Structure formats: structure tokens, C-alpha cells
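Below is one structure, written out as C-alpha cells, with a few remarks after it.
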Amino acid sequence: MTTADTESTPVVPKIGEEILSVDGLVKHFPIRKGVLQRQVGAVQAVDGLTFNVTRGETLSLVGESGCGKTTTGRLLTRLLAPTSGKIVFEGRDISHLGEGRMRPLRRDVQMIFQDPYGSLNPRHTVGKIVGAPFRLQHVKTEHGVKRAVQELLELVGLSPEHYNRYPHEFSGGQRQRIGIARTLALRPKLIVADEPVSALDVSIQAQVVNLLEDLQEEFDLTYVMIAHDLSVVRHVSDRVAVMYLGKIVELADRVDLYEKPMHPYTVALLSAVPVPDTKRKGKQERIRLQGDVPSPINPPPACRFHTRCWKAQEICKTQEPPLVELKPGHQTACHFPENVEAPAAKADQ
Amino acid sequence: MVFAYLVRRVIGAVLLLLIVTAVTFAIFFLVPRLGGATADDLAGRYVGKSAGQEQIHNTAVRLGFTDPLYVQYGRFVKGLVVGQDYNYGTGIERCPAPCFGYSFLTQQPVWPDLVARIPVTASLAGGAAFIWLITGVGTGIVSALRRGSVLDRSLMSVALAGVSLPIFFTGLLSLSIFSYGLGWTQQGGINPLDETNPLWWAYDLILPWVTLAFLYAAAYARLTRAGMLETMNEDYVRTARAKGLTERTVILRHGLRSALTPILTIFGLDLGLLMGGAILTETTFSLPGIGQYAVIALRANDLPKVLGVTLVAAFFIVLANLVVDLLYAVVDPRVRIS
Amino acid sequence: MTEPIEEVQDAPVQRVERGEAFLDVRNLQVHFPTDDGVVKSVDGVSFKLERGKTLGIVGESGSGKSVTSLSIMGLHPPGVAKISGQIFLDGQDLVSSSREEVRLLRGKRMAMIFQDPLSAMHPFYTVGRQIIEAYQVHNEVSKQVARKHAIEMLDRVGIPQPDRRVDAYPHQFSGGMRQRAMIAMALSCDPDLLIADEPTTALDVTVQAQILDLIRDLQREFNSAVIIITHDLGVVAELADDIQVMYAGRAAEYGTAEDIFDRPQHPYTWGLLGSMPRIDRERSERLIPIKGTPPSLINVPSGCAFNPRCNYAHLNDGLSQTERPELLDTGNGHLVACHLSPQNRRQAWETDIKPKL
Ligand SMILES: Nc1ncnc2c1ncn2[C@@H]1O[C@H](COP(=O)(O)OP(=O)(O)OP(=O)(O)O)[C@@H](O)[C@H]1O
Ligand SMILES: Nc1ncnc2c1ncn2[C@@H]1O[C@H](COP(=O)(O)OP(=O)(O)OP(=O)(O)O)[C@@H](O)[C@H]1O
Ligand code: SF4
Ligand code: SF4
Ligand SMILES: [Mg+2]
Ligand SMILES: [Mg+2]
């Protein structure tokens, strides 16, 4: 990691260089009970994430509900403070920066929220919503805020005439565009998008996905995309991190992950995706997981997936499999991974 | 877990009551003192007009005004818990716990007075609550189910009038019609509920009951209607219909059950509040309840009485709160403490 | 899955005058008068469904899928919706039946599962009690018998330790278990028609797979007719024999699952397929979205409701803007509501669409 040499000189953006690196990131939400409200436990929402994001790429976080995707997103944008671990953005450790020192960085790191209804203030006009970041950050614009906002609206495929309208006058997809315009106002370098298309209809979803791709190209944006729809994830990502109960169980290049998944959970997840292909109906060899995801309050010990894993052995219940690189660029946390090229590679661990 | 919760709540309740007494105490003692009044000035209110300086000072000493405030407050709290001995010069009198002290004016102990008045207020509040609960909730349901109909609109107009008309207006109006005018009911006062025919008790209270209940029934009708309209749109009501349940069962077992839950809370708090004295109703109908006592006490600036009334009222409110919260856990399994 | 249709006609009902479909919806219209105007949520929908078959209804949000299913169940509040057309359930027209007659059929002959199993169950009653209630409405049995039945049903839908779980409250169940319990409740009286309105939308993909399997298994076991409503084309492909694609309250296309996925004919269906990233195919460089947004149902565009968003509307000499296309058979029961001529249609499909899917 490069930390020392970036103190004073501004970073020159370079594609392929690391923009964000996360090391051992943990977030526990305490649970309090009893007469004295003692802490009796914690929701282990995020429990030791380590990964890097390269400039210009799209890294996706996927996983089932409650596995800690949103929490991770909020940690990366420092809307939440981590319990422990390190977040380094462009060489600066931002894991424990206070609100004041964080503010200039908020320009560079932005978040798009899932709910296109809830995240826009219904009493503000579109102009006010999209222009808010300029005002908050005291940014000077060349031709005034209004012009800047109208340009942004055009950029995301809305009409500049929408400036004085209110969010309720827009459809879900249009609202998500407003949210994206607001995010883009300050020309961020990194955008964390939390389920940006989940609430939208398929036809509209495709519009927004395309928009996000275009914008990425135009402004060299880096995305951390949070999603649970594996088809969408495959379409948008360069690399994918699969999460289960607060941990990354597999992190790999998109093609690798979808074609040769190594972690049993990833395999199950992929095989559970319903495919719009009538020829595969009923015939498909399917791996069916039993039961639901356990609670993150008392996650199973060692490999957290062992309660649902069909390959689980004794060792899985006692020894936590580390996230290791089994193939170049393909990390997996499993004692008995699938799709291993050299079968002996891992068996003796 | 339930026990820990209860302990926490009871401790909280006791602390709250202490704070209430302290604040009342401060208002009646500290504030005049801060305004420059001396102990004798305070005592001057509680002796006859022609009393001399000496007599006033003696009274001040006797009432304990000359002691520092915290001593006075401490004495009061101690009296509440273990009772207190009063020295009148003529002899020592024992005021057993809970001792609210003696009226500064009449030298009568406060507590027995209060105890005697609780049944009156309880009769008033209980009877009225019974009436308003049935009529208010019933009206609300009917209105909700016939939403937009003429019936709904007329009921809601009456309810709107009910919540906007003050008690002394409706009270005096009903008194002038039914008592002074038609002579059907008594003009005030109450028969105790004892060996005598309980109908007399009810007869005397019918007018205050109805007057008080009208106000609350109106509010409850509106609440119930809003609640019913909301719950009848819930997904689980649709599920209930999808099972093929009769509309009656759907409404009563699935809709009303949830709509009534928030009303339960409000009902508990309202009842608690009323138990501390229905001031307007009691005054209008000359009922010797806690509310009337409060008015008398306040007019006379009779601190022990004021403190007593405040504490009793606060006690009922705190108790109602606690009961409501516990009941809520019974009604709604989601808030049950595991 | 295709043959046992005739032999299940054991019900003594002889009122069917035409066809033998178990469910026969004819020209259903559901309109909601509102302050802003009449919302034509469903505007002329027809379909048939046999026992043992599954019909998938797909379409975007607001296309009238739920309203259609609620009409079949008779669940629109009286006076709110104006319903016309006919819905024959085993020969009996539900639209003209009294509310009480329809109520007696609900839960017994037709049942429904809803999207969000948490809000669809009453939070104050145990799961068991809610199933017992569903059973007891239509069966005069004691509480004990009903309870035993409820436990059996919970067991049948794969709830572990059903004799203990029967006394749990909905919030104590996980999402998947709640949906299983909903299914148990819906199936408790062994209905002939099961309507599942987005039964897996609120669930995780691994749990969704379990629930879809369960619905498929149960259908085979009970030989019921199933309508599955969803906006996820993958889900219908998993379950449905026939598919109806809805747009703005009308059917745009109707056919077998193979018709819809392998040789779709309607530009809207093409749009849906092109919008959807596919996990089972080569990754396409770009998705092909449908332009614009769904229309308001108060001011449905004249002619073909899809015309403002359609890339082929100009090929029909203005017919797309002026005349509403009827749902017509293009052969073998594959129905399409579009003015495109067969040549234009084939050409668009072969050159524009098929290569990009
Ligand atoms: N503020 C909070 N306090 C306590 N627990 C929390 C808090 N925020 C999140 N959690 C818990 O942390 C876990 C992870 O939540 P998170 O929202 O990150 O999941 P997610 O992966 O985004 O799920 P989804 O797909 O449902 O959005 C969940 O069990 C959640 O209940
Ligand atoms: N009671 C009602 N009054 C007025 N309009 C209604 C009513 N119920 C439904 N609608 C309208 O009917 C249209 C169709 O609704 P419906 O619920 O059938 O859509 P859907 O296809 O199920 O969509 P989704 O995928 O979002 O569930 C919507 O535009 C909706 O606003
Ligand atoms: S470590 Fe064991 S339990 Fe965990 S995923 Fe691998 S095989 Fe399954
Ligand atoms: S009728 Fe015209 S507008 Fe409608 S789908 Fe066909 S071509 Fe498109
Ligand atoms: Mg989330
Ligand atoms: Mg719907």
C-alpha cells in the first residue's frame, strides 16, 4: 500500500491503481438489555472484511438479506464509524476521521441509496435536491448552481425543465435518476451504489444500468455496487465479492466467479437463480440449500456457512477457513472448495 | 427478564414521583422566596388578617417555613414514607404514613381527606369511561365500515362538536336542561356507593357521566374510525378475507383487534389522568372529588393539599402508564419481552 | 404434466356451457373511479386455466396483475371497484354471484398467497391459530382436529418441528418460513385454484428457489390450477405452462412458456427480454431497455397503449396510434395484440431482437 508519499501532493488519477483499500473492517451493533442496559451481545453485521478497489472498476458486493452489504456501504462512505479495521481512501486512512475532517472527502465518495422514494425530500424541488451538494460544500460553479443542476439533469436523462418539480411527480426510475444526479454533482471519484435498481421495473432497471455504465465511462468513476440480483451483478461488475453473514466468502473476477465458482455458497447462490429458459425447466441439476440464513447475532462458529453447506465436515465447525487466493485473483474461504484445478491443492489443510 | 423490566419501571416510577413532588415543592416555596418573600411573608397567608407580627412568626416556625428548604422537603418525603410527628405546643400528634401533612388553613390531615374523595372521582371516571368506551368505539367502527355514508358524516359531525365543546359548556347546558329545567336529575352532589340503593349513586352521576363521556367518546370515535380505516387496509385483513371468513369475523377478530391496541394505550392514560381529578366536571356538577379538592387547595394556596393532590394525580398517571405498557405486551406479542 | 385433465372432472357441476376450463376469465374489466378520473386497471382480459396447469402473469408494476387476481378472489372492497365481464370458476360465474356465495368459495376452492408474508399474517395471532381458522371456516371440526391438521400442513410445507412451531407468532419465523406458513394456510382446505401473487419477491434467492420448488411439488400433489403472478421472467419460466404478458391493464401476448421465451411476438415482450440481464447466456455488452415509462392508467395512450414506447409503431400506417389491437391468434393458441404485419414482425424478430438476446 502507498501511504507515506501521498501526504501533500494531490493524487494523479491513474486507471488500475488502488483507490480504496479495506483491511479487517468490522462493525458490530451492540444489543443492550436488563435493568442497567448492559451490553449482552452484538449484531455482527460486518465481521472482518479485507478487499481493495481499483480505480475505474466496478466491484460488486452480493449476498442475501442481512449479510451486511448496506452496512459495508455505509462504512465505506463513513456514514457509519467502524468498530475496528482500516479504510484507506487514496492513501489516506479515513477509518476514524471526524465529521469535520471527513467533509472534504465527502465530495469524492458518494452513495446512491436503494429507495428512490425515501431518499428524496418530498418537499424540496428537484433543483434544490440536486443543487444541495453545491451549497453544502460551498462549491463555486461556472454559470451558477441552476445551470450546473440543469446540466446534471440532462446528463442523467431528465429534462432541464424538471428543475422546479417535486419528487412525487416522477416515476421510480426518474427518481433514481434524480438521486444519481445529486450524487454526481460534486464529481465524485468513488460511488457506493446500494441496490440502485432493485426497486425498479425490469425495463426501467435496464435504463438505469446503462446510465450508470455510461457515466462510469465518461467520468472515470469507480463503483462499489451493492446488489442481490446475480444477473444484474454479472452484467455490471468487473469483480464480485460474495458475502455471507458479515464475511466475504469469495472474491473473484466476474468471469471466474460466474463460470468457476469455488465457494459452495456461491455455487448454491448461482444455481438458485431462476433462469428464463424453458429448456432448462425442471431438468436443471440444482443445489438446494436448506433453511434460512442464521442470525448475525449468534453466527455459527468457524465457517459460518456450515449449517447449510452440503460439503460440511467436522473441521468446518471448528476451524475458520481463511480467505485465501487459490487462483490468481480468486480468493475463497472454504476448506473444500469447488472447481479447484489441482485437486490436491487444498485437501490436506 | 420480565422481572428486571418491572423493577426498572417501578424504580423509574418512584423517581418520577419524587421529581414531581420536588418540582411542586419548588414552585410553591422556592419561587416566592426567590421573589424576595420571607418565611413570615409566606406564613402571613395562613393566619387571620388581624394577626400580629409575633403570631405570624410563630406560625412560620410552626409550619417549618424558617427551616432551610431542603430540610422542609426532606421532612415532607420522610413523612410520606414513615409518617411524622407534629408538635403543636399543645401536644404531639402522630401523622401516620403516608403523611401528606396538615392543611395550613384548617389543620386537618390531608391524606384522609384525599382518601375520602378518591371514590367520588373513581365513580365519575370509571362510569364515564365505561360509557365512552362503548359508545365511542362503537361509533368509530360503524363510521369506518360505512365510510362516506350519511350516517358516517353525521356521526363524525357530532364527534367533531364533541371534541370542540368544552365541558363547562356541555355540563352547564345539560344541567340547565335536565336539572333546572326538567327536574329529572339532581343539581349536583353525590350519594356514596354503600348499603343504600346503588341506583341512587348512578342516578346522581348520570349527568356528569354523560357529559364527561361525550367529550371522550367523540375523541375515541374519531380515533377508532381512523384506526379501523387503517387496519382494514392491512394485508392481513385481506388475508383474512381470502380465507373465506365472514365479514363479521374479519372486522371483529382481525381489524378491530389491531385498531384497538393503540386505543388501549390512550384509554389507560386518559383514565389515569381523570383519576387524578376531573376538575371541570367535578366543579360544574359540585362533586366532592379530587379535582374539586385541587381547586380548593390551589385557591387557598394550601401547600400540603396541593402537594397531596399533585402526588395522587401523578401516582395514577404513572400507574396507568405502567399498566398500559404491561398490557401492551399482553396484547401485542411482538413487544413481549423474550 | 400434460395428460391428466379430463379425469379430474369429477365435480358434479354441470353448469359449464362452453369449454371445460376450470377457470375461465372472459373480458374482465376492473375500473376504479377516483377523483382524478377512472383508473382502468384491468381493461378486457381473458384467459383459461385447467386443473394441474400453471398460468404465469407477468408485466411491469401497475399493469393490473394484482387487480386481476383480486377480482377472481372477489377481494375488491364493494363499491370501490367496477367489475364487469365474467369469471367462471368450475362453471360458476363469480362476477354475478353474491358476495356470500363467493366468500364460501374463498379459501375452500380458491386460495391466494401474497407477496409480503410478514404483513400478510396477523401479528397478534399464532401461525397455528391462523391456519386453524382457515381450516375451520370451511370444515366443521373441533379445535383439536383443526390443530392436528395445521401441524400436518406445516409439516407438509417443510417447517421443522411443526408441533412446536405451530404456537409461534409470525414475527418469530424467518421470511422463508413465513411464506411456507402462508402456503400451508392457503392449502389447508385443499383448494382447486391457487393464486400466488409475487410469492417470492420479498425472499432471498436461495429461499426463493425453495419456495418455487415447494409450489411446484404441491401442485403436482394436489393437481390444482395455479396462477403465478410476478415481474420476474425467470420465476415464470420455472413454473408456468402458459404465460400472459400484461401491459397497461391488457394482455399484450399470451402463449405457452416456449412461445413467450423462444418465439416472442410482441414488441413489449421483446423489450422485457432485452432489458433483462441473463445469467445463462453470454454477457451482452449492453442491455436494451424499453424507452420511456409505463403509462398512467387514467390516460392510457390511444390505439396501442404501448405505442409511445414502441420502436415499431411507425410501421403500421398510424394504426398503432389510433386503433387498439385485438388479441389475435397467430397459430396454435399463441395470441398477440399488435398491428405489425407477420412479415414485419418476423423481420424485426430475426434481425433486431433475436441476435441481441
Ligand atoms: N443500526 C443498526 N443496529 C442494529 N443492527 C443493525 C443496524 N443496521 C443493520 N443492522 C443489522 O446488521 C445486519 C446487516 O444489515 P445490512 O443492512 O447491512 O444487510 P444487507 O446485506 O444490506 O441486507 P439487505 O439485502 O436486506 O439490504 C442485519 O442483521 C441488520 O439487522
Ligand atoms: N383501489 C384502487 N383504487 C384506485 N386505483 C387502484 C386501486 N387498486 C389498484 N389500483 C391501480 O390499478 C393499477 C394496477 O394495479 P395492480 O396492483 O394490479 O398492479 P400490479 O400489476 O400488481 O403491479 P405490481 O407489480 O406493482 O404489484 C395500478 O395503477 C394501481 O394504482
Ligand atoms: S468450509 Fe466447510 S462448511 Fe464452509 S463452505 Fe467450505 S465446505 Fe462448506
Ligand atoms: S401495435 Fe404498434 S405500438 Fe403496439 S406493439 Fe404493435 S407495433 Fe408497437
Ligand atoms: Mg441493504
Ligand atoms: Mg401486484
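Below, the figures for the structure above:
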read-out: Test for A:Ile287: is it within 11 Å of chain C (Cβ to nearest Cβ) and assigned to a loop (DSSP other than H, G, I, E, B); value: yes
read-out: Hits in region C:314-346 - residues which are over 29 Å from the mean Cα position of the chain (by Cα) and closer than 20 Å to C:Ile243 by Cα; value: none
read-out: Boolean, A:Gly48 is under 16 Å from A:Ser21 (Cα atoms), surrounded by fewer than 23 Cβ atoms within 10 Å (Cβ to Cβ), more than 15 Å from ligand 1 (Cβ to nearest atom) and touching a residue at least 40 places away in the same chain (Cβ under 8 Å); value: no
read-out: Region A:144-165 - residue that is among the aliphatic types (A, V, I, L, M) and more than 27 Å from the chain's Cα centre (by Cα) and, of those, farthest from A:Asn210 (Cα to Cα); value: A:Val145
read-out: Test for C:Thr330: is it in contact (Cβ under 8 Å) with a residue 60 or more places away in the chain, within 15 Å of ligand 4 (Cβ to nearest atom), polar (S, T, N, Q) and away from chain A (no Cβ under 14 Å); value: yes
read-out: Number of the exception - A:Asp292 against (1) at pLDDT below 85; (2) within 25 Å of the chain's Cα centre (by Cα); (3) farther than 24 Å from C:Gly158 by Cβ; value: (3)
read-out: Test set (1) in a loop (DSSP other than H, G, I, E, B); (2) near ligand 4 (Cβ under 10 Å from one of its atoms) - C:Pro308 fails condition number; value: (1)
read-out: Positions within region B:308-338 being within 11 Å of the chain's Cα centre (by Cα) and within 14 Å of chain C (Cβ to nearest Cβ), in sequence order; value: none
read-out: Helices (runs of 4 or more DSSP H) contained in region B:221-338 and holding at least 3 residues in contact (Cβ under 8 Å) with a residue 40 or more places away in the chain; value: B:257-275, B:279-284, B:290-300, B:303-331
read-out: Region C:304-315 residues that are in contact (Cβ under 8 Å) with a residue 24 or more places away in the chain, paired with ones that are of a type in the set (Asp, Glu) and away from ligand 6 (no atom under 16 Å from the Cβ) (beta carbon under 9 Å, 6 or more apart); value: C:Cys304/C:Glu323; C:Ala305/C:Asp43; C:Asn311/C:Asp352; C:Tyr312/C:Asp352
read-out: Region A:98-137, residues that are of a type in the set (Lys, Arg) and surrounded by 14 or more Cβ atoms within 10 Å (Cβ to Cβ); value: A:Arg106, A:Arg107, A:Lys128
read-out: Per-region count, region A:138-177, residues within 28 Å of A:Cys67 (Cα to Cα) and either touching a strand residue (DSSP E or B) at 6+ places or on another chain (Cβ under 7 Å) or buried (at least 22 other Cβ atoms within 10 Å of the Cβ) (or both); value: 4
read-out: Residue in region C:34-92 that is farthest from the other protein chains (Cβ to nearest Cβ), counting only those that are assigned to a loop (DSSP other than H, G, I, E, B) and within 16 Å of ligand 4 (Cβ to nearest atom); value: C:Ser63
read-out: Positions within region C:141-173 being touching a residue at least 12 places away in the same chain (Cβ under 8 Å) and assigned to a loop (DSSP other than H, G, I, E, B), in sequence order; value: C:Val157, C:Gly158, C:Ile159, C:Val166, C:Asp167, C:Ala168, C:Tyr169, C:Phe173
read-out: Filtered residues of region A:75-120 (kept if hydrophobic (A, V, I, L, M, F, W, C) and not in a loop (DSSP other than H, G, I, E, B)); value: A:Leu75, A:Leu76, A:Ile87, A:Val88, A:Phe89, A:Met102, A:Leu105, A:Val109, A:Met111, A:Ile112
read-out: In region B:290-305, the residues that are modelled with pLDDT of 85 or more and surrounded by 21 or more Cβ atoms within 10 Å (Cβ to Cβ); value: B:Ile290, B:Gly291, B:Gln292, B:Tyr293, B:Ala294, B:Ala297, B:Lys305
read-out: Residue under evaluation A:Thr77, criteria (1) crowded, with 19+ Cβ neighbours inside 10 Å; (2) within 16 Å of ligand 1 (Cβ to nearest atom); (3) within 14 Å of another protein chain (Cβ to nearest Cβ), criterion not met; value: (3)
read-out: Flag for C:Gly19 being more than 16 Å from ligand 6 (Cβ to nearest atom), modelled with pLDDT under 90 and over 16 Å from the mean Cα position of the chain (by Cα); value: yes
read-out: Matching residues in region C:27-36 - criterion: being at pLDDT 90 or above and either more than 17 Å from C:Gly74 (Cβ to Cβ) or within 16 Å of ligand 1 (Cβ to nearest atom) (or both); value: C:Asn27, C:Pro33
read-out: Candidate set: region C:198-215, residues that are in contact (Cβ under 8 Å) with a residue 40 or more places away in the chain and assigned to a helix (DSSP H, G or I); chosen: the one nearest to A:Arg288 (Cα to Cα); value: C:Gln210
read-out: Those strands (runs of 3 or more DSSP E) lying entirely in region A:156-256 with at least 2 residues modelled with pLDDT under 90; value: none
read-out: Those residues of region A:213-264 which are among the β-branched types (Val, Ile, Thr) and within 13 Å of chain C (Cβ to nearest Cβ), in sequence order; value: A:Val232, A:Val233, A:Val236, A:Val240, A:Val242, A:Val255
read-out: So C:Glu152, is it within 14 Å of chain B (Cβ to nearest Cβ) and either surrounded by fewer than 21 Cβ atoms within 10 Å (Cβ to Cβ) or modelled with pLDDT of 95 or more (or both); value: no
read-out: Filtered residues of region C:116-140 (kept if more than 25 Å from B:Ala329 (Cα to Cα), within 13 Å of another protein chain (Cβ to nearest Cβ) and without any contact (Cβ under 8 Å) to a residue 12 or more places away in the chain); value: C:Gln136
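The values are calculated or read from the model by the stated rules, or taken from the named source; none is laboratory data. Just so it is clear, the model here is predicted, and its values are computed rather than measured. Virtual Cβ from ideal backbone geometry, glycine too; neighbours counted across all protein chains shown.
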